[in-house]
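Data first, discussion second: the structure below is written as structure tokens.
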Amino acid sequence: MSQQPEMTIPFVPENAPFTSEQRNWLNGFLAGLFSQAPAATEQAPAASATILFGSQTGNAEMLAKQATKQLKAAGVNASSFDMEAYDPANLHNEENLLIITSTYGDGEPPDNAAGFHEFIMSDTAPKLEKVKYSVMALGDSSYPGFCTCGKDFDARLAQLGATRMRVRVDADVDFDEPFEEWMKPLAGLMSEGAGTAPADEETAPAEEAVVEYGKKNPFPSPLVDNHNLNGQGSKKETRHIAFSLEGSGLSYEAGDALAVLPLNHDSLVDSIIEKCGLPADAQLEGGSTLSEALTSGYEITRLSAKILAAYAEMSNDSKLKELAGDKAAAKEYCEGRDLLDLFQDFVIDGASADQLVAPLKKLPSRLYSISSSPLAHPGEVHLTVGRVAWDSYERTRFGVCSDFLARIPEGTEVGVYVHTNKNFRPPADLSQDAIMVGPGTGIAPFRAFVEDRVAKEASGRNWLFFGDQKASCDFLYRETMEQWLRDGALTRLETAFSRDQEEKIYVQNRMLENGAELFAWLDGGASFYVCGDASRMAKDVDSALHQIVEEYGKMSTDEAVAYVKQLKKDKRYQRDVY
């Protein structure tokens, strides 16, 4: 390390026209003046940021990690925390607070955000006048509780005196672009009045590009199996779907989900094109045809008031303009209708192909719980998908992706990628017991769990609750489950077939019937898992669980609530609900 040159102190020569007393005084003054090096300009400390995420399936967690990385690169001291692991006592000390959260069910917070949500909405929450914040909310606009959890946090932080530095962003299923727009100004806003620290990481040398498959580059996976799991007489159609992952480099664990890129049904696309008055091969700016865009590029099975308003602007139809101008009426019209309904009910003429697709949202991928263990099926990934169909406005409607998967033949290549879900995993301790509740297609991850635990020779017991309509035709994977019982892979199997008797019986009823034993398993360290419908089943199962803990644990209602909360905190109560 090079040394700084020593400073030469000026002095008054002896032959200068001063008395010795004057010369000594002047030399001392000059020595004191010049011996002090100029003070270095101190840089203000770098801004700091805390990012809290509430995540049910891992999307919010993934974005929190991206936000942390981007802020660090911009010189902000950023760190992210699972809301469940964050100590809310630190909240009033935060400088910059970012919240990224999803919403599930009827506008409820994700499981890992429930405790923090309860705290911040309570009267015990502290004043936050010194905190600057911003919220990004994730949701699905097809549900009535769209982004409710994020909206709750945003409003409550403002009530507590925190300063909103960036308006809340509510992102629909396709959240990548809204996230980037939300992030753009944040580092600058945080650094106002603070210094910026250099990024910790050096730029890595450029490497040869390697093809990586993921969300931005889905793997074209060949379909290797597609058969109906329901028997004759069933009112349902549940498909067992298997994809090959050979050559993809993709890997997954039990508990993860697979994202599938569907195509809209040809007949719906053809009908829309016929009504809009444009040729199917009309060219769009990006190079695709109108038919291709409506098949693979855009969501055409859902309407929104925003879409209605956009088409009203390009139409001369007075009835459409009147409808779009009435928010309540527009919302009611959109419920259960699709783009074909709009073109059938109103006249929209004169629009170009680009104008026609401009108001539409991108066709998003759909997530499905993986129903296989990679240890049991190397090179493959399996799904258990219920085909969704319903009648409304004199027409049969279908779920976009479930219908797509139900009708494609083996050999078809479908774009897929793995969606990691760290919040839903079988016990890491192989000696730990597992209680699994998965009616209908909720069986999917538990087929993967049991396969995984068998492959790893886990000594912990497995107890499965499964239910559906009729045992004769809706007992999904029946032979597999019965073989598990014979082999000891399943210690217990409780079934609930709602239509096999006059009084309907569901999985929560079977839980209550076996409450004493279920609590004994829990009290002995078992983990409890639920997969399936969030709006009804998951709530009923949760209610039954609280009732069992209270009754057989001999606890008060408040003590039972605290017990279940602790299960969640210890990751012994996990849910994959939708």
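Against the chain, whose longest principal axis is taken from its Cα atoms, helix 557-569 shows a tilt of about 70°. Computed from phi, the 3J(HN,Hα) profile of segment 175-180 under the Karplus parametrisation 6.51, -1.76, 1.60 (θ = phi - 60°) reads 9, 4, 5, x, 5, 5 Hz, with x in place of Gly and Pro. Computed per residue of the chain from DSSP H runs no shorter than four, each worth -39500 (n - 2.57), the mean residue ellipticity at 222 nm is -9500 deg cm²/dmol.
Taking θ as phi - 60°, what are the ³J(HN,Hα) couplings along segment 249-258 by the Karplus curve (6.51, -1.76, 1.60), each to the nearest whole Hz, with x for Gly and Pro? Once rounded to whole Hz, the list reads x, 7, 9, 8, 10, 4, x, 6, 10, 10. Ordered from highest to lowest accessible area with the whole protein assembly present and a 1.4 Å probe, F219, F81 read as F81, F219.
Inter-label distance, F119 to R536: 3.6 nm, where each label sits 7 Å from its Cα along the C-beta direction.
On C-alpha positions alone, give me the angle between the axis of helix 444-455 and the longest principal axis of the chain, in degrees, nearest 10. Tilt relative to the chain: about 80 degrees. For the pair N93 and A328, what calculated FRET efficiency results from E = 1/(1 + (r/R0)^6), where r is the Cβ-Cβ distance and R0 = 45 Å, to the nearest 0.05? After rounding, the FRET efficiency stands at 0.50. The figure for E322 is an accessible area of roughly 140 square angstrom, using a 1.4 Å probe on the protein chains alone.
For the listed residue pairs K306/K331; K235/K470; K72/K127; K130/K565; K130/K151, the alpha carbons are over 19 angstrom apart in K72/K127; K130/K565; K130/K151. Would you mind checking the tilt of helix 148-159 against the longest principal axis of the Cα atoms of the chain, expressed as 0 to 90 degrees and rounded to 10? The helix 148-159 is inclined about 30 degrees to the chain.
Where does the longest stretch of the chain lie that holds no trypsin sites (Lys or Arg not before Pro) found in a DSSP loop with 10 or fewer other Cβ atoms within 10 Å?
236-553
Here segment 36-172 carries DSSP beta bridges of which approximately 5% are antiparallel, counting only pairs with both residues inside. Selection among L363, F497, G277 by position relative to the dipole of the chain gives F497 as farthest towards the positive end (Cβ unit charges, Cα centre). Which label marks the calculated value of P(r) over Cα pairs in 20 Å bins from 0, in percent, given the options (1) 17, 44, 28, 6, 5, 1, 0; (2) 16, 35, 24, 16, 8, 1; (3) 18, 54, 26, 1? Correct label is (1). Highest mean packing first, where packing is the average number of other Cβ atoms within 10 Å per residue, the peptides 263-271, 429-437 line up as 429-437, 263-271. Computing FRET efficiency as 1/(1 + (r/R0)^6) for K456 and E246, where r is the C-beta to C-beta distance and R0 is 22 Å, gives about 0.40.
Would you please give the FRET efficiency between A85 and S296, computed as 1/(1 + (r/R0)^6) with r the Cβ-Cβ distance and R0 = 45 Å, to the nearest 0.05?
My answer for the efficiency is 0.65.
Cross-link partners of K236 among aspartates and glutamates, defined as those whose alpha carbon lies under 13 angstrom from its own and excluding same-chain residues fewer than eight positions apart: D403, D468, D474. For the chain, a crude dipole built from +1 on the beta carbon of Lys and Arg and -1 on the beta carbon of Asp and Glu, taken about the Cα centre, is about 680 debye to the nearest 20. Amide H contacts for G386 (H built 1.01 Å from N in the peptide plane; partners 5 or more residues away or on another chain; cut-off under 5 Å): R239.
Taking label positions 7 Å along the Cα-Cβ direction at both A358 and D429, the computed distance is 6.1 nm, reported to one decimal.
In this structure the amide hydrogen of G415, modeled in the peptide plane, comes within under 5 Å of the amide hydrogens of S221, L261, none closer than 5 places in sequence on its chain.
Placing dummy labels 7 Å off each Cα toward the beta-carbon, the span from E335 to R164 is 2.8 nm. Using a probe of 1.4 Å, the accessible surface attributed to E413 totals some 120 Å² when neighbouring protein chains are kept in position.
Antiparallel beta bridges, as assigned by DSSP with both residues in the chain, represent about 45 percent of the total such bridges.
The values are calculated or read from the model by the stated rules, or taken from the named source; none is laboratory data. Quick caveat: nothing in here was measured; it's all calculated off a predicted structure. Quick reminder, even Gly has a Cβ in these numbers, built from the backbone with ideal geometry, and neighbours come from all protein chains shown. Note: accessible area is taken over every heavy atom of the protein model, side chains too, but ligands, DNA and RNA are not part of it. Shrake-Rupley method; radii C 1.70, N 1.55, O 1.52, S 1.80 Å.
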